[in-house]
Amino acid sequence: MLSTILRRLATSLVACFVVLVAQPAIAVGQEETTEDAPAAAETNTDEPSRRVVVRFLTEGDFPPFNFYDEDGTLVGFNVDLARAICMELNTACDIKVRPWGELLLALRRGEADAVIAAHAVTPQSLAEVDFTDRYFQTPGRFAARRGGEAVEITPEALESKRIGVAKNTAHEAFLRTFFRSSAIQAFENADLARDALIQGQVDYIFDDGIGLVFWLHGTASKRCCELKGGAYLEPKYFGDGIAIAVPKTDSQIKTLINGALARLRSNGRLDELVERYFPVKVY
């Protein structure tokens, strides 16, 4: 009987000792977890969370940026770039088409995470939305008929030369500011200015470099002409490049896309896409 009591007493003492030793260990562990949690959270504040899907909007009639091919499939530089961004972010990619005039409105309504449709970064557009880093430039370029005397493209060299341009555009404003001594002829649209160049009614045309490149290498130009001089990139007239529009209220998506764009530049993937859709350099 006595031995039984002693054994129970010994067992109780051991149990008490275990509890006394274990309790401080648990308390210390809890305190360390509580103190470390805010530090870990604070460390990760600059790291954007991963998105399950990135919802892009674009439009379908602006080749080579975004358009439908002969099979009715949405393709283009912007479309491939959106997919490349999603691959860099290891996320699903949802690309939907809206009319041009509805894109930024849909973005502000929260119907998309980003708009990739070759929007130029201008003061007017910045009043509505935010933009990522630029991924393309849209320069102004001169074109003239093939052959002839080589002329340096300067205001002095083009004095009195007939230059066609689309009316009420940034390109007309640029000419009237810097090429005032030229004989500037404004047409209702760029197509009429290009036709005037083919027919010899003007000596040069000044237009959007991207549109000119595709016109020059298409059938409409009849292979009449070629680019002359270099690219003009003045932001006041031609915008601050092309970027992806994002909501002003979502800084995280801007950080994510900018990071993906930076990686696409460094690994050469962005240059590959540019060369695929723009075989002739526009700037």
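The values are calculated or read from the model by the stated rules, or taken from the named source; none is laboratory data. Just so it is clear, the model here is predicted, and its values are computed rather than measured. Cβ atoms come from the backbone with ideal geometry, glycine included; neighbour counts cover every protein chain shown.
Every condition in (1) among the β-branched types (Val, Ile, Thr); (2) surrounded by fewer than 19 Cβ atoms within 10 Å (Cβ to Cβ); (3) over 17 Å from LYS254 (Cα atoms) holds for THR91 except the one numbered (3). The set of residues in the range 184-198 being within 9 Å of ALA166 (Cβ to Cβ), in contact (Cβ under 8 Å) with a residue 24 or more places away in the chain and in contact with a helix residue (DSSP H, G or I) (Cβ under 7 Å, 6 or more places away or on another chain) consists of ALA190 alone.
Summed over the range 215-225, the residues that are buried (at least 16 other Cβ atoms within 10 Å of the Cβ) and within 15 Å of ARG141 (Cβ to Cβ) give a count of 4. Would you pick out the residues in the range 241-281 that are in contact with a Lys or Arg (Cβ under 7 Å, 6 or more places away or on another chain) and modelled with pLDDT under 95? Correct list: GLY241, ILE242.
Of everything in the range 170-183 that is free of Cβ contacts under 8 Å to residues at least 40 places away in the same chain and closer than 15 Å to ALA143 by Cβ, the residue that is nearest to the chain's Cα centre (by Cα) is LEU175. Could you check the range 204-231 and list, in sequence order, the residues that are in contact with a Ser or Thr (Cβ under 9 Å, 6 or more places away or on another chain) and assigned to a loop (DSSP other than H, G, I, E, B)? Once the filter is applied, which keeps residues that are in contact with a Ser or Thr (Cβ under 9 Å, 6 or more places away or on another chain) and assigned to a loop (DSSP other than H, G, I, E, B), the range 204-231 yields nothing. Any idea how many residues of the range 52-87 are in a loop (DSSP other than H, G, I, E, B) and surrounded by 20 or more Cβ atoms within 10 Å (Cβ to Cβ)? Count: 3.
Of everything in the range 183-235 that's among the hydroxyl-bearing types (Ser, Thr, Tyr) and farther than 18 Å from GLY147 by Cβ, which residue is modelled with the highest pLDDT? My answer is TYR232. Does the range 259-268 hold any residues that are surrounded by fewer than 18 Cβ atoms within 10 Å (Cβ to Cβ) and in a helix (DSSP H, G or I), and which are they? Those that are surrounded by fewer than 18 Cβ atoms within 10 Å (Cβ to Cβ) and in a helix (DSSP H, G or I): GLY259, ALA262, ARG263, ARG265, SER266.
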